[in-house]
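K.L.:
Could you have a look at this structure, given as structure tokens, before my questions?
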Amino acid sequence: MRRLFVIGLSLTIVLPLVAVLLAFAAVSSQAQCAGATTGPGSAPGVPSSLLAMFEQAAGGYQLGPGGWAYLAAINQVESNFDRSTLPGVRSGTNADGAAGPMQIGVGGAAGNTWARYEVDAPGGAIPPSVYDETDAVYAAANYLRASGAPGDWPAALYAYNHAGWYVAQVQQLAQRYAQTPGNAITALGAPAAGCVAAEPTTPGSAARILRDGLAAAPQDAPAQVQAAVAAGNRIIDTSYSTERQPNMLSTVLPSYDCSGSTDFVLYNAGLNSPQVDVGDAIAGDSGMLESYGSPGPGRWITVYASAGHAFIQVAGIVLDTAHWTSTTPSGSGPRWQPASILPSQLADGNIWMERHPPGL
């Protein structure tokens, strides 16, 4: 059964990226890279018959040189390139009212997105059909452009499907397609609009803090753990503030406190805490995290909570607004720090509870 989002989806396991290339592409999920090629040559797993169509749709809606890879990634996640037999892909709708190979809303909980963004796609059906692969991809390109792509791919993807982990998943899959030899995308030089962002990864099961303060996610970690690291990377240059604002978990604000940054990581990894107001995506306080998830430390993720403070450990590194070592960037707010800070942090006078997401 699919989860309830604005646009229906199916879960795809994201394959690890090439470690050496990503070491040079250490950029956050909102950053963009330079030196990209203008279109695809080939991409493992993407039907060669669809590559030209992805490129033409991306070009038609000015989605930038990485736009084709995003369209391919969405097509893969939503319908396995129109090969899925799930309800709504070939006929009818899924439980949320989404339909077609790009799972675009035609009614119900998903809304009627199709009516707003359908186009007469070259080579598509007459009249346009949400079930036609070409029509669906062009409508998705139109929707993404209207939602902020290529200037802000995370925001556009979140508008397409309201789930932070979905955004991270599509971005990582798009990066994999775009980094195929012949389509190589680098992160050298000045940013270029529309380029696919690369999340840094590292071999093994432990995350690694890089020189610029970003964290490289372990390649052996589950997808939700990698998404948690990616979420932390998005807020490591924010400052400290206890202010609460609507949608503070679904968008990046200039400042976060201890529980706000912890909830941001959980929310964008699809590991919501019960305290979160999902409608407005507003974080709770540190004391509320004392009842999060399951008791005890987790294998991959541990939330440390008390009445006065909270922080999160992900794959062996800590995101904390209390700085027990020098941090990059400097300043206040959440920063990645090594696990060696734990003895000092846990001896600060608070009474700590250790909690973890079930199964992680």
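K.L.:
By average Cβ neighbour count within 10 Å, what is the ranking of 301-310, 82-91, 285-294 from highest down?
P.N.:
On the way: 301-310: 22.4, 82-91: 15.7, 285-294: 19.5.
Ranking, from highest mean packing down: 301-310, 285-294, 82-91.
K.L.:
Moving to a separate point now. Based on the Kirkwood radius over alpha-carbon pairs, what is the Stokes-Einstein translational diffusion coefficient of the range 257-358 at 37 °C with 0.692 mPa s viscosity, in µm²/s? Present the calculation step by step, with values, prior to reporting the outcome.
P.N.:
Working: Rh = 13.5 Å.
The Stokes-Einstein estimate is 244 µm²/s.
K.L.:
Let me ask another. How would you order 166-172, 108-114, 123-129 from highest to lowest mean count of nearby Cβ atoms within 10 Å? Let's see the in-between values first.
P.N.:
Details: 166-172: 26.4, 108-114: 19.0, 123-129: 13.9.
Per-residue mean Cβ counts within 10 Å order the peptides as 166-172, 108-114, 123-129.
K.L.:
Rounded to two decimals, what is Rg over Rh for the range 77-116 when you use alpha-carbon atoms and the Kirkwood radius? Before the final figure, lay out each step's value.
P.N.:
Details: Rg = 9.2 Å, Rh = 9.6 Å.
Rounded to two decimals, Rg/Rh equals 0.95.
K.L.:
Scattering from the C-alpha atoms of the range 196-247 alone, worked out with Debye: what is log10 I(q)/I(0) at q = 0.21 1/Å?
P.N.:
Results for the range 196-247 at q = 0.21 Å⁻¹ read -0.77.
K.L.:
Still on this structure, I have one more. I'd like to compare 321-329, 48-56: which one has the highest average count of other Cβ atoms within 10 Å, and what's the full order after that?
P.N.:
Details: 321-329: 15.3, 48-56: 17.7.
Highest-to-lowest ranking by the protection proxy: 48-56, 321-329.
K.L.:
Using the Kirkwood radius over C-alpha pairs as Rh, can you work out the diffusion coefficient of the range 97-155 via Stokes-Einstein at 37 °C, viscosity 0.692 mPa s, in µm² per second? Can you show the working numbers first?
P.N.:
Numbers: Rh = 11.5 Å.
Using the Kirkwood radius from Cα pairs, D works out to 287 µm²/s.
K.L.:
Over the range 279-320, one equal point on each Cα, no solvent: what is log10 I(q)/I(0) by the Debye formula at q = 0.14, 0.18, 0.30 Å⁻¹?
P.N.:
At q = 0.14, 0.18, 0.30 Å⁻¹ the computed log10 ratios are -0.33, -0.54, -1.09.
K.L.:
Could you tell me which of rounded, prolate or oblate describes the range 211-322, using a ≥ b ≥ c as the square roots of the eigenvalues of the alpha-carbon gyration tensor, with rounded for a/c under 1.5 and, failing that, prolate when a/b is larger than b/c and oblate otherwise? Don't skip to the end; give the middle numbers.
P.N.:
On the way: a/c = 1.44, a/b = 1.16, b/c = 1.24.
Cα axes put the range 211-322 in the rounded bin.
Here, each number is a calculation from the coordinates, and none is a lab measurement. If you're wondering where the values come from, they're calculated on a predicted model, not measured in any experiment. Positions of Cβ are backbone-derived with ideal geometry, glycine not excepted, and every protein chain shown enters the neighbour counts.
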